[in-house]
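A.B. asks: Please find one structure pasted underneath; my questions will follow.
Please treat every number below as a calculation from the coordinates, not as lab data. Not measured: the values here are computed from a predicted model. Backbone-built Cβ (ideal geometry, glycine too); neighbour counts: all protein chains shown.
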Amino acid sequence: MAGKGESISKELYSGLKILTNLIFFNFQFEECKAIGRDAVRLLQDVNKQPEFDALWKDLLGRPNIFAPEFAGVHDLLGLKTPRKFLITRMTPEMENQLLFILKNVSITYFYFTLFFIFIIIFTFC
């Protein structure tokens, strides 16, 4: 059972991640804009967080506060995500396989299982 300190540290860690993302999106907008459509997709994934509500309102109502030439979300949706970013994205199947390895495979069979899974992935992709 998790102690009170562990719960607080998880909440603190979660809060720091949210704060970091908000600061990065607000003050390093050009870097965030570089990922194009995926920036909107990522923001949609976290839209249930109340901290991102103000960010959405600014994106929709006052987009020029992020950059003078930025006209709104439709600008981001018009930008294709560069291929170099798409290469690093894991599919859900790859994530499940990696989680299986990390949770269920002993160290003696780790390399064999890892090799086997990558052979399957690269053979059928």
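A.B. asks: Based on Cβ point charges of +1 for Lys and Arg and -1 for Asp and Glu, what charge dipole magnitude is obtained for the chain about its Cα centre, in debye rounded to the nearest 20? Working shown, then result.
C.D. replies: Working: 14 positive and 13 negative charges, 40 e Å.
It works out to roughly 200 debye.
A.B. asks: Got the relative contact order for the chain handy, in percent, Cα pairs under 8 Å and 6 or more residues apart?
C.D. replies: Working: 59 pairs, mean separation 27.6, N = 125.
So the answer I get is 22 percent.
A.B. asks: Which ³J(HN,Hα) values, rounded to whole Hz and listed in residue order, are derived for region 117-123 from phi using the Karplus coefficients 6.51, -1.76 and 1.60 in 6.51 cos²θ - 1.76 cosθ + 1.60 with θ = phi - 60°, glycine and proline given as x?
C.D. replies: 5, 5, 4, 5, 4, 7, 7
A.B. asks: So which GluC sites (Glu not before Pro) in region 26-103 are both in a DSSP loop and have at most 15 other Cβ atoms within 10 Å of their Cβ?
C.D. replies: Values: sites: Glu30, Glu31, Glu51, Glu69, Glu93, Glu95; in loops: Glu69.
Of the GluC sites (Glu not before Pro), the ones in loops of region 26-103 whose Cβ has at most 15 other Cβ atoms within 10 Å are Glu69.
A.B. asks: Given the -39500 (n - 2.57) contribution per DSSP H run of 4+ residues, what per-residue ellipticity at 222 nm results for the chain, rounded to the nearest 500 deg cm²/dmol?
C.D. replies: Working: 8 runs with 88 residues, N = 125.
Helix-only estimate at 222 nm: -21500 deg cm²/dmol.
A.B. asks: With springs only between Cα atoms under 10 Å, which of Ile101, Ile65, Ile35 fluctuates most in a Gaussian network model of the chain?
C.D. replies: Ile101
A.B. asks: Helix 92-104 sits at what angle to the longest principal axis of the chain, using alpha carbons and giving 0 to 90 degrees rounded to 10?
C.D. replies: Result, in degrees: 50.
A.B. asks: Principal axis lengths of the chain from Cα atoms, whole Å, largest first?
C.D. replies: So the three principal-axis extents are 56, 45, 20 Å.
A.B. asks: So how far apart, in nm, are the two label points at Leu86 and Val46 if each is 7 Å from Cα heading toward Cβ?
C.D. replies: Between Leu86 and Val46, the simple spin-label model gives 2.4 nm.
A.B. asks: Between Thr20 and Asp53, what length comes free when the chain is fully extended (0.36 nm per residue of separation minus the Cα-Cα distance, one decimal in nm)?
C.D. replies: Values: separation 33, 0.36 × 33 = 11.88 nm, distance 1.54 nm.
Length gained, Thr20 through Asp53: 10.3 nm.
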